[in-house]
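The values are calculated or read from the model by the stated rules, or taken from the named source; none is laboratory data. Only a predicted model underlies this, so the values are computations on that prediction, with no experimental measurement involved. No Cβ is skipped: glycine too gets one built from the backbone with ideal geometry, and neighbour counts run over all protein chains shown.
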Amino acid sequence: MPKIPAHIAFIMDGNGRWAQRQQLPRKVGHRVGGENAIRMIKACCKRGVKILTLFAFSSENWNRPKQEVTEILHILRTLFDREVQQIHALNICMRVIGDLSHLPSALYTKIKEIECLTRDKTGLILVIAIGYGGQWDILQAVQALAQQVSQGLLRAEDITHERFSQQLQLLDLPAPDLCIRTGGEYRISNFLLWHLAYSELYFTSILWPDFNDLALDEAITAYTARDRRFGTLHEITA
Ligand code: IPE
Ligand code: IPE
Ligand code: MG
């Protein structure tokens, strides 16, 4: 039995190319990609993953053509509307991270409703990153702490690693053990910059809508074979 990573993060890339290859509009790729996210949530539940973080829409994705942005946000709302009961039934606790201030109000309200409804659930912790950027996350943490310092509530020297981490959007959640990026690019694209410091990175050319259970098991098996040293020499000296 391979050791299952407790926290898996996905950069779900390749929806547009998946659609274009079939001469379909990009929005179809986003729709099928959304359905695949639901499948992968269930697959991760089944495998005993404790935390699943999905990068759904980045802070830079706002710079795409307005029509595509609207379509992606519409697909997200439709999925949340449709899946809320199932998320609840699967004992999932759902949280959304990112700058939600620019979201359409119906999507924002839905997100808050699901977060509230599933707050006390004890199964998979599902984190969805929407309007999220790692640099934004670090900046908002710095601003919050700087404000506390300027109000005399905190001394600069008391800004520890732990206190800083807790100001980030993931709050007290542990960093991803494994970060999987589909779609063939070898970059982080402003995802969880602070937290990925020691995550195992796995890149696959499979486009997100095609990423399936078998591909997930391959990624987990690859993770199992990694030697996580965290800068130490424990494997050599053991
Ligand atoms: C990922 O698919 C989804 C989002 C970034 C919102 P893309 O839309 O980036 O698909 P490609 O990379 O163009 O194929
Ligand atoms: C990363 O994909 C963001 C998400 C998957 C939500 P992008 O398609 O936006 O990344 P780049 O532009 O290739 O770096
Ligand atoms: Mg892309």
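A compact table of results
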{"read-out": "Qualifying positions in region 41-55 - touching a residue at least 12 places away in the same chain (Cβ under 8 Å) and over 20 Å from PRO174 (Cβ atoms)", "value": "LYS42, ALA43"}
{"read-out": "Qualifying residue in region 172-187 (condition: farther than 17 Å from VAL49 by Cβ, at pLDDT 95 or above, of a type in the set (Ser, Thr, Tyr) and within 16 Å of ligand 2 (Cβ to nearest atom))", "value": "yes"}
{"read-out": "In region 2-22, the residues that are away from ligand 2 (no atom under 16 Å from the Cβ) and of a type in the set (A, V, I, L, M)", "value": "ILE4, ALA6"}
{"read-out": "Residues that are under 24 Å from ARG17 (Cβ atoms), more than 16 Å from ligand 2 (Cβ to nearest atom) and in contact with a helix residue (DSSP H, G or I) (Cβ under 8 Å, 6 or more places away or on another chain), drawn from region 188-227", "value": "ASN212, ASP213, LEU216"}
{"read-out": "Search result, residues across region 76-107 that are surrounded by 14 or more Cβ atoms within 10 Å (Cβ to Cβ), aliphatic (A, V, I, L, M) and not in a loop (DSSP other than H, G, I, E, B)", "value": "LEU76, LEU79, VAL84, ILE87, MET94, VAL96, ILE97, LEU100, LEU107"}
{"read-out": "Restricting region 5-28 to residues that are within 11 Å of ligand 3 (Cβ to nearest atom) and in a helix (DSSP H, G or I), the residue that is surrounded by the fewest Cβ atoms within 10 Å (Cβ to Cβ)", "value": "ARG17"}
{"read-out": "Residue identified as closer than 19 Å to LEU207 by Cα, outside any helix (DSSP H, G or I), touching a Leu at 6+ places or on another chain (Cβ under 8 Å) and within 16 Å of ligand 3 (Cβ to nearest atom) among ALA56, ALA37", "value": "ALA56"}
{"read-out": "Within region 93-115, considering residues that are β-branched (Val, Ile, Thr) and touching a helix residue (DSSP H, G or I) at 6+ places or on another chain (Cβ under 6 Å), the one nearest to TRP136 (Cα to Cα)", "value": "VAL96"}
{"read-out": "Among the candidates LYS66, LYS50, residue that is away from ligand 3 (no atom under 15 Å from the Cβ), exposed (fewer than 14 other Cβ atoms within 10 Å of the Cβ) and on the phi < 0 side of the Ramachandran plot", "value": "LYS66"}
